[in-house]
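Asker: First the structure, then my questions, so here it is.
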Amino acid sequence: MKTKDKMLKGSLLFVLLAALPLSLQAKGNASTGQEKSKVCVACHGTTGKSENPTYPNLAGQHASYLAQALGDYRSGARTNRVMAGPAANLSNQDIVDLAAWYASQEGLRDLSIK
Ligand code: HEC
């Protein structure tokens, strides 16, 4: 690869990283996330496996996906009447902690269609 290409790639990466919301850069703590997930249990189950198919399973999902989803509900980029409330007052740290908790749970291992 040419040096110029490498430099271009490097600066693109820098721009992309700088544009990432803080929520994706901060480190989450799963046990703190578990504490914070008490308000989520009614719909998403104690470990993120919901008994009710209306509510998506969160257990075992990628932390970055969960953080992205929560950040999007908070900002309004993803609109959902039900999730707008629980996401509205989450801090970036809450988001990464919750994401770490659900990502650390067993679930979503088999994504094959039966
Ligand atoms: C009153 C029920 C309810 C509560 C409480 C609730 N959720 Fe949800 N949640 C939902 C519903 C319904 C959806 C699906 C919304 C959609 O289609 O976008 C959802 C979607 C999500 C998603 C996106 C899942 C995906 O696969 O894209 C995440 C992440 C999430 N919730 C996390 C949380 C967290 C964390 C909390 C607690 C702070 C919480 N939810 C509290 C009902 C709830």
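Asker: Near K36, which aspartates and glutamates are there with a Cα under 17 Å away, not counting those fewer than 8 places off in the same chain?
Answerer: D94, D97
Asker: Need one number for the range 43-107: average projected area of the convex hull over its C-alpha atoms, nm².
Answerer: Computed as one quarter of the Cα hull surface, the answer is 4.0 nm².
Asker: Quickly rank 42-49, 98-105 as a protection proxy: mean count of other C-beta atoms within 10 Å, highest first.
Answerer: Details: 42-49: 17.8, 98-105: 23.6.
Taking the mean over residues of other Cβ atoms within 10 Å, the ranking is 98-105, 42-49.
Asker: Can you tell me the relative contact order of the range 43-107? Whole percent, Cα pairs under 8 Å, sequence separation 6 or more.
Answerer: 40 percent
Values in this text are rule-based calculations from the coordinates and carry no lab data. Just so it is clear, the structure is predicted and the values come from calculations on it, not from any experiment. Cβ: placed from backbone, ideal geometry, glycine included. Neighbour counts: every protein chain shown.
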